[in-house]
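Presented below is the structure to which this report refers.
The values are calculated or read from the model by the stated rules, or taken from the named source; none is laboratory data. Computed from a predicted model, the values in this text were never measured in an experiment. We place every Cβ from the backbone using ideal geometry, glycine too, and count neighbours over all the protein chains shown.
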Amino acid sequence: MLEVRGLTLGYNRTDAVKAIDLDVPEGAVVSLIGANGAGKTTTLRGLSGLLKARAGSIRFQGTDITGRSAYKIARAGIVQVPEGRQVFANMTIEENLRMGAYLVPAQAEIARRRTGVLERFPRLGERLQQLAGLLSGGEQQMLAIGRALMADPKLLLLDEPSMGLAPLFVEEIFAIIRALKAEGRTILLVEQNAQAALEVSDHAYVLETGRIKLQGPAADIANNPEVIAAYLGAA
């Protein structure tokens, strides 16, 4: 579904991502792991059109989308759940969800998607008129994912979905990712919790100072001694 070749991204005079290759097959969960500053979020920003490529190409479902505007990429079906959730704090849960369906013209289809999201996140359904800024971090993350699902994305980009959450919410978030995987959703997951990310993924890439250091089946990456030492907490 997604083919990235030689992608270079940066800020000012610095290249943060350096000529990376990356593939996301349809229906797979692919994780991108690495330390802070490795270039993971920059990669997602490039894929969603928030940051223009300096070199390389991005193909989505066989079409070259390199250089397209972010709104055109969103229309094509790539939807990002940003780092830090970034819900609309002064809008209600209901309004946040409707923003996710901004590009959907049919009210019946919006209602169908809304029902699906609220069945997945009943906690949101209990307080639809509450301001999103008053939710806990975990609830805001659920809302951010629910808002993205309202767009019915072909490719879902998840940027650090467990960051800053209590352990119970981390478990809930990864249970949601597993459920989305079981439904056949295609996901590119950026996550510092390497162990949890690898457990839920089919394939994985290890990003180090802007370059892909390792890539392969997630189970193989999880058993790689270098990855164990650097990311999985082993001595």
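Brief remarks follow.
- Positions within region 130-144 being in a helix (DSSP H, G or I) and either without any contact (Cβ under 8 Å) to a residue 12 or more places away in the chain or of a type in the set (Ser, Thr, Tyr) (or both), in sequence order: Leu134
- The residue that is farthest from Ile145 (Cα to Cα), among those in region 59-82 that are touching a residue at least 24 places away in the same chain (Cβ under 8 Å) and not in a strand (DSSP E or B), is Gln61.
- Taking (1) surrounded by 22 or more Cβ atoms within 10 Å (Cβ to Cβ); (2) over 18 Å from Asp159 (Cβ atoms); (3) modelled with pLDDT under 95 in turn, Ile93 satisfies each apart from (3).
- Residue list for region 1-15, filter: under 19 Å from the mean Cα position of the chain (by Cα) and within 16 Å of Gly39 (Cβ to Cβ): Val4, Leu7, Leu9
- Whichever residue in region 1-58 is part of a strand (DSSP E or B) and of a type in the set (S, T, N, Q) and, among such residues, is surrounded by the fewest Cβ atoms within 10 Å (Cβ to Cβ): Thr14
- Once region 88-113 is narrowed to residues that are under 10 Å from Ala151 (Cβ atoms) and part of a helix (DSSP H, G or I), the residue that is nearest to the chain's Cα centre (by Cα) is Gly100.
- From Arg147, Arg85, Arg127, residue being in a loop (DSSP other than H, G, I, E, B), of a type in the set (Lys, Arg) and surrounded by 21 or more Cβ atoms within 10 Å (Cβ to Cβ): Arg85
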